[in-house]
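A short write-up of the structure that comes next.
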There are 2 protein chains.
Amino acid sequence: MKRILIKDLPQKIGQKVTIAGWVNSRRDHGKIIFMDIRDRSGLIQTVVIPDQEEAYEKAKKIKNEFVVEIEGKVKERPGETTNKAQVSNVEIEIENLKIISSTKEELPVEITKENINLNLETLLNHRSLILRNEKIKSIFKIYATLLDAYNFIMRQNDFLEIKTPKILSNATEGGANFFKIKYFDRDAFLAQSPQFYKQAGVSVFERVFEIGSVFRAEPHFTTRHLNEYVSLDAEMGFIEGFEDIMDQLEKVITFIIKEINKQHKKEINQYNIDSVSIPKKGIPRLRLDEAREILKKEMGKEIEKADIDPEGERLIGEYAKKEWESDFVFLTHYPVTVRPFYTMPDFQNKKLTFSFDLIFRGVEIATGGQRIHDYYQLIDNMKKHKLDPNDYKHYLDIFRYGMPPHGGWGMGSERIVQKILGLNSIKEAVLFPRDVKRLTP
Amino acid sequence: MKRILIKDLPQKIGQKVTIAGWVNSRRDHGKIIFMDIRDRSGLIQTVVIPDQEEAYEKAKKIKNEFVVEIEGKVKERPGETTNKAQVSNVEIEIENLKIISSTKEELPVEITKENINLNLETLLNHRSLILRNEKIKSIFKIYATLLDAYNFIMRQNDFLEIKTPKILSNATEGGANFFKIKYFDRDAFLAQSPQFYKQAGVSVFERVFEIGSVFRAEPHFTTRHLNEYVSLDAEMGFIEGFEDIMDQLEKVITFIIKEINKQHKKEINQYNIDSVSIPKKGIPRLRLDEAREILKKEMGKEIEKADIDPEGERLIGEYAKKEWESDFVFLTHYPVTVRPFYTMPDFQNKKLTFSFDLIFRGVEIATGGQRIHDYYQLIDNMKKHKLDPNDYKHYLDIFRYGMPPHGGWGMGSERIVQKILGLNSIKEAVLFPRDVKRLTP
């Protein structure tokens, strides 16, 4: 008989059906055996009584996480719900039971409880088992919606999806945080971002976006860094100023949040966290020097370096929440010293740039800005940054034959999900995260 | 004034507008200067007469591929079309002209002709300029639709989108074609496929798909190999047999082809190639041994090795076209010797496997099959393949705690587009391709 998904069972009352899935839990009440069965669509209670001899004998051997196929009749649930089955108004009376796959040993962790209170290392060591937990699974349902929402809104705004190479000949952007590869008989590097290629994309298609892996050889041990992550990139031409980029990003993030709130009420509720709020007036935009002032005056925090530190971002996030009821805030006009060579300087103050970070609940989730589109200005700026234009021949080629004013952003997909759910570590928002020490599972 | 997209100009007849874009071509007719302007939405003719002194003087300096902003009046086009402007019933009479960005030198290649007849190396060396050609741009519009269609149909079929790590601790699958990375103080490897991780995905979500970069250190110089490409992966649990996987893949590829044919008639027509056909009865499925017989009997080609070679695939593709009017054909039941250790052996003939390749116009575009889901059978099979199960601890963990029968496929996105358009080399279907010799641009 064809397998029926658990979510469709309420339409099958009185009928004989076949379901298949994992045994979420087994409970014996006197001589009756109850099993909650879990498939991708839901959870349902099944019952087997001793009269069903063959099935009953098999059921006695069953442990949590066995994979089973069950044939039986769908019945309305008598009386109260004794479990947390999601499809709660029906149950199945088992007639035939087939064990498809058993567990090889005791489960090293209990995964059916609502909250798994284990330390991060344990969560990650037993990753594929732990992921079966309903609350943890929710993270990745939300993550999948984030990817889809980004794809949708970018296309709707006329951005073309592109895929660009992750293996590069140079460690460009002048940074040190590149992983080196042995590429046949020479060295190559893993892309830190699709920056140069998405700018090339602008020279052809005006507006491009990419969802792709990026790699950072940063030796950080923090709750917000990964050595490999999925970046949501975009780049757009014919802008009038870098405000256009923030406007576009605001549209995108607003759509994403709206979609996730709409589609994942249940999943978010498991995390006991407020749903994300973006004020109707839009996301507040603060110049970095204004932010400094606020931090000093309102929160007694002095920032000495040119860049704002994570603690400063956290505080400014708090301030935005208190002041404007916004979970997001743009910080703008970063100094040239903390931005890459291709960033457009502020026309009015050459020490600053037309750049921004987007802070979400106190963490930077996106970085962007306007780029230099003039060939000669770009070469000049490379020199100012002590870079040799000869190392950037292929990049400079993009600017030789007519390039419009443009800019874009890179956004960390995992951080968005982390902050929506209030996860302690970003690694919880990744199926199989990589850090300095961890390359398995 | 706010920029108007060229495609929207027919709605603006009689109005003054601002457009911006690249100068696709400039032609002087007596004292009148005509310029075709190109933006992301289309191509339009503009005219400037000597009376518009300021604009006219600027126009005289303009060369192809300059970026300009034009203010002027939209008029219905008088008389015949003298150019190939796509928005052909209107033109703009220029009143103001602003040069936003100029070209630094003569264009090394002419990009406005319909067909660029240059060798592949030249096409790739001047990549970001060459990509501006309308016909070449079409490849990537189709590619973007392919990505979107795959995303759509997979979600509609209840597959969850996942992203899995590209940096691995081991060169798994026993293959040699891995790129090695320096990962902090140790070695690591770039993923050849998301195989193990998508199987882990099945153990949690039943059905998963991934669109992601994969890396193959294969020293090939062919028209169908890349060292880095974008793989369309899927894996599904609770299958009854490997036919379920082919059924699903057939649904997916049928949808993709239908979408591309529907959305890209114009783009495909540029390539003078028949649109792809899938017979109503479905994609024919041939056992590999049947295919051998056919090749021998009908085309006089004898295959000596266990696997079918590219020439054999080409011939069987021809046969499928002639016999069933199908551009696709599944080859099934490959010998165990040419499939990885995790492939499910055929119950009836242990020398064969429940595996398949999907051939599209004579080229393999997807490989798939059922996987072994039993922990002990998997260990046995590793040993048969001379692999040490201790090297696969994390992979084996997936099978310890209840795993349903499952399988899936990996599909090369670039090959699909290559064969739809009949491109000579797969590198033409990649924005910035990588091969043994090429890491730039």
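The values are calculated or read from the model by the stated rules, or taken from the named source; none is laboratory data. This structure is a prediction, so every number in the text was calculated from the model and none was measured. When we count neighbours, we look across all protein chains shown, and the Cβ atoms used for this are built from the backbone with ideal geometry, even at glycine. For the accessible areas, the whole protein counts, side chains as well, though only heavy atoms, and no ligand, DNA or RNA atoms are used. Shrake-Rupley method; radii C 1.70, N 1.55, O 1.52, S 1.80 Å.
The contact between chain B and chain A removes approximately 8100 Å² from the accessible area (both sides summed; 1.4 Å probe; ligands, DNA and RNA excluded). Determine the share of region A:130-429's accessible area contributed by carbon and sulfur atoms, expressed in whole percent, with a 1.4 angstrom probe. So the carbon and sulfur contribution to the accessible surface is 47 percent. Full extension of the segment from A:Tyr376 to A:Arg26, taken as 0.36 nm per residue of separation minus the current Cα-Cα distance, would add 118.8 nm. Once the Cα atoms are used to define both axes, helix B:310-324 deviates from the longest principal axis of chain B by about 80 degrees. Taking the accessible area of region A:1-79, probe 1.4 Å, and keeping the other protein chains in place, the carbon and sulfur fraction comes to 47%.
With only Cα atoms counted, region A:363-441 has Rg and Dmax values of 18.7, 48 Å. Each Cα pair under 8 Å and six or more residues apart adds its sequence gap; the mean of these over the residue count of region A:130-429 is a relative contact order of 20 percent. Taken about its Cα centre, the protein assembly as shown carries a charge dipole of about 40 debye when Lys and Arg each add +1 at the Cβ and Asp and Glu each add -1 at the Cβ. Accessible-area rank, largest first, for A:Arg361, B:Arg287: B:Arg287, A:Arg361, with all protein chains present and a 1.4 angstrom probe.
Among all the lysines, which ones have a C-alpha under 30 Å from B:Lys386's C-alpha, if same-chain residues fewer than 8 places away are not counted? The reachable lysines, counting only those whose Cα sits under 30 Å from B:Lys386, are A:Lys104, A:Lys182, A:Lys437, B:Lys166, B:Lys180, B:Lys182, B:Lys198, B:Lys305, B:Lys350, B:Lys351.
Anisotropy class assigned to region A:300-399 is prolate, per the alpha carbon gyration tensor with a/c at or over the 1.5 cut-off and a/b larger than b/c.
Charges were assigned to the Cβ only: +1 to each Lys and Arg, -1 to each Asp and Glu. The resulting dipole of region A:130-429 about its Cα centre is roughly 600 debye. For region A:6-101, the relative contact order works out to 34 percent when only alpha carbon pairs closer than 8 Å and six or more residues apart are counted. Within straight-line reach of B:Lys280, meaning a Cα separation under 20 Å, sit the following lysines at least 8 residues removed in sequence or on another chain: B:Lys251, B:Lys258, B:Lys262, B:Lys321, B:Lys322. Our helix-only sum for the protein assembly as shown, with -39,500 (n - 2.57) per DSSP H run of n ≥ 4 divided by its residues, gives a mean residue ellipticity at 222 nm of -9000 deg cm²/dmol. A 1.4 Å probe over all protein chains sorts B:Lys141, A:Lys198 by accessible area into B:Lys141, A:Lys198, starting with the largest.
Take each residue of peptide B:143-152, count the partner chain Cβ atoms within 10 Å of its Cβ, and average: the result is 4. Accessible area ranking (1.4 Å probe, heavy atoms, ligands and nucleic acids excluded), largest first, for B:Thr440, A:Thr353: B:Thr440, A:Thr353.
Here region A:2-53 was treated as a single set of alpha-carbon atoms; its pair distances binned every 5 Å from 0 give 4, 19, 27, 24, 18, 7, 0 percent. Can you tell me which lysines have their Cα less than 23 Å from the Cα of A:Lys98? Leave out same-chain residues fewer than eight positions away. A:Lys98 reaches A:Lys2, A:Lys7, A:Lys12, A:Lys16, A:Lys31, A:Lys58, A:Lys60, A:Lys61, A:Lys63, A:Lys73, A:Lys75. Solvent exposure of region B:304-363 amounts to 44 Å² per residue of accessible area, where only protein heavy atoms count and the probe is 1.4 Å. Under 1.5 on a/c is rounded, so check that first for chain A, then, if it is not, pick prolate when a/b is larger than b/c and oblate when it is not; a ≥ b ≥ c are the square roots of the alpha carbon gyration tensor eigenvalues. Cα axes put chain A in the prolate bin. Measuring between their Cα centroids, region B:274-347 and region B:179-241 lie 24 Å from each other. A Cβ-based charge dipole, computed about the Cα centre of region B:6-101 with Lys and Arg at +1 and Asp and Glu at -1, lands at about 260 debye. For the options B:Glu293, B:Glu228, B:Glu206, a Gaussian network treatment of chain B with springs between C-alpha atoms closer than 10 Å singles out B:Glu293 as fluctuating the most.
Surface analysis of region B:6-101 yields an accessible area of 47 Å² per residue, using protein heavy atoms and a 1.4 Å probe. Counting every pair of alpha carbons in the protein assembly as shown, the share spaced more than 47 Å apart comes to 29 percent. Ordering A:Gln11, A:His29, A:Asn64 by the projection of their Cα atoms onto the charge dipole of region A:6-101, which places +1 on the Cβ of Lys and Arg and -1 on the Cβ of Asp and Glu, puts A:Asn64 at the extreme positive end. Relative to the longest principal axis of the Cα atoms of chain A, the long axis of helix A:195-205 lies at roughly 80 degrees.
The calculated FRET efficiency for the pair B:Asp187 and A:Asn117, based on their C-beta separation and a Förster distance of 41 Å, comes to about 0.70. When a/c is below 1.5 the answer is rounded, else prolate if a/b is larger than b/c, else oblate, so apply that to region B:6-101 with a ≥ b ≥ c taken from the square roots of the Cα gyration tensor eigenvalues. Rounded shape, in that the Cα axes give a/c under 1.5.
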